[in-house]
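Engineer: The structure under discussion is supplied below as structure tokens; questions concerning it will follow.
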Amino acid sequence: MKKLLAPSILSADFSNLSQQIRYAEMGGADLIHCDVMDGHFVPNISFGPLVVDAVKRSTSLPVDAHLMIESPEKYIEQFAQAGADFISVHVEEVVHLDRVVNMIKELNVKAGVVLNPATPLTVLDNVLSIVDFVLLMSVNPGFGGQSFIGYTLEKIKALDKIRQERNLNFLIEVDGGIDENNISNISDAGCDIFVAGSAVFKADNIVEAVTKLRNKILSE
Ligand code: DX5
Ligand code: ZN
């Protein structure tokens, strides 16, 4: 399975966003990850559909919208219209998970469900057969630049095992604290899509940072 690198613009310089996205693209990024935060579900505010629309118009890469917001079902259509190709919602927030996953898929968008580090995999049992991807948080969401929480590595391995046992083909995405030192281990654990914010956009050279991370997962 092809491994995909998804730089998160949360750590980008927003005064120069389209240029920064171009650098990420030049370095070999596969997706552009957009962290949408509402100050309620997470203790931070980032941006909404307007910025996702601007990202879409800055790149030919697929756009991955990670919704860290209350009642995400109310905004899914807006994010799809803004050009999101992947949309993920948190299981901790969504009461009618099956309904929301199907709502995303009906808009012809890849549907993902997200688990915070402490949320057990068992909540996914009944939706694994319908989701396109599962996003496992490896930090508590809300901020870029946090350290990877070690125990989530076992969670990635456990989810990969379930995927093999049940013969399913959803992708596993991992988000938070990924850098050039741990990305190979995360890849070995079964991750397919790697989100990296500060390791890309806080680097002196964004193109080189993306290429380095990309090469580590390519050589797997
Ligand atoms: C955390 C966000 C992440 C974050 C990743 O709430 O969902 O996508 O921006 O940033 P780094 O790679 O800096 O941990
Ligand atoms: Zn994210």
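The values are calculated or read from the model by the stated rules, or taken from the named source; none is laboratory data. Nothing here was measured: the structure is a model prediction, and the numbers come from that model. Because the Cβ atoms are built from the backbone with ideal geometry, glycine has one as well, and the counts that use them run over all protein chains shown. The protein model used for the area step is the full one, side chains on, heavy atoms only, and it has no ligands, DNA or RNA in it. Shrake-Rupley method; radii C 1.70, N 1.55, O 1.52, S 1.80 Å.
Engineer: If THR59 passes every condition in (1) away from ligand 1 (no atom under 14 Å from the Cβ); (2) touching a strand residue (DSSP E or B) at 6+ places or on another chain (Cβ under 7 Å); (3) among the hydroxyl-bearing types (Ser, Thr, Tyr); (4) under 29 Å from VAL127 (Cα atoms) but one, which one does it miss?
Structural biologist: All conditions pass for THR59, except number (4).
Engineer: Which is within 16 Å of ligand 1 (Cβ to nearest atom) and at pLDDT 95 or above, of VAL123, VAL139?
Structural biologist: VAL139
Engineer: In the list LYS212, LYS202, LYS155, LYS161, which residue meets the criterion of being open to solvent by 10 Å² or more (accessible area, probe 1.4 Å) and in contact (Cβ under 8 Å) with a residue 60 or more places away in the chain?
Structural biologist: The conditions single out LYS202.
Engineer: Please give the number of the condition PRO72 fails out of (1) within 14 Å of ligand 2 (Cβ to nearest atom); (2) out of contact with any Cys (no Cβ under 8 Å at 6 or more places or on another chain); (3) under 23 Å from GLY177 (Cβ atoms); (4) free of Cβ contacts under 8 Å to residues at least 40 places away in the same chain.
Structural biologist: (3)
Engineer: Looking for something modelled with pLDDT of 95 or more, on the phi > 0 side of the Ramachandran plot and under 17 Å from the mean Cα position of the chain (by Cα) - is there at least one such residue anywhere in segment 24-35?
Structural biologist: yes
Engineer: Scan (1) open to solvent by 20 Å² or more (accessible area, probe 1.4 Å); (2) more than 15 Å from the chain's Cα centre (by Cα); (3) within 21 Å of ILE178 (Cβ to Cβ) for the single condition SER15 breaks and write down its number.
Structural biologist: Going through (1) open to solvent by 20 Å² or more (accessible area, probe 1.4 Å); (2) more than 15 Å from the chain's Cα centre (by Cα); (3) within 21 Å of ILE178 (Cβ to Cβ) one by one, SER15 breaks only (3).
Engineer: Now for a different question. Exactly one of these conditions fails for VAL131: (1) part of a loop (DSSP other than H, G, I, E, B); (2) surrounded by fewer than 20 Cβ atoms within 10 Å (Cβ to Cβ); (3) more than 11 Å from ligand 1 (Cβ to nearest atom); (4) not polar (S, T, N, Q). Give me its number.
Structural biologist: (2)
Engineer: Which one of ALA118, ALA111 is without any contact (Cβ under 8 Å) to a residue 60 or more places away in the chain and either of a type in the set (Val, Ile, Thr) or open to solvent by 10 Å² or more (accessible area, probe 1.4 Å) (or both)?
Structural biologist: ALA118
Engineer: While we're here: Can you name the condition, by its number, that ALA29 falls short on among (1) of a type in the set (Gly, Ala, Ser); (2) touching a residue at least 40 places away in the same chain (Cβ under 8 Å); (3) in contact with a helix residue (DSSP H, G or I) (Cβ under 7 Å, 6 or more places away or on another chain); (4) part of a strand (DSSP E or B)?
Structural biologist: Here ALA29 meets the rest and fails (4).
Engineer: Separate question: Identify all residues within segment 18-32 that are open to solvent by less than 70 Å² (accessible area, probe 1.4 Å) and under 15 Å from LYS202 (Cα atoms); write none if there are none.
Structural biologist: Matches in segment 18-32: GLN19, GLN20, ILE21, ALA24, GLY27.
Engineer: Can you spot a residue in segment 33-51 that is touching a residue at least 12 places away in the same chain (Cβ under 8 Å), farther than 14 Å from GLY197 by Cα, part of a helix (DSSP H, G or I) and open to solvent by 40 Å² or more (accessible area, probe 1.4 Å)?
Structural biologist: yes
Engineer: Something else: Between ALA65, ALA80, which is at pLDDT 95 or above and within 14 Å of LEU135 (Cβ to Cβ)?
Structural biologist: Exactly one of ALA65, ALA80 is at pLDDT 95 or above and within 14 Å of LEU135 (Cβ to Cβ), namely ALA65.
Engineer: Among PHE148, PHE170, PHE143, which is the only one that is among the aromatic types (Phe, Trp, Tyr) and open to solvent by less than 10 Å² (accessible area, probe 1.4 Å)?
Structural biologist: Just a single option satisfies the conditions, and that option is PHE170.
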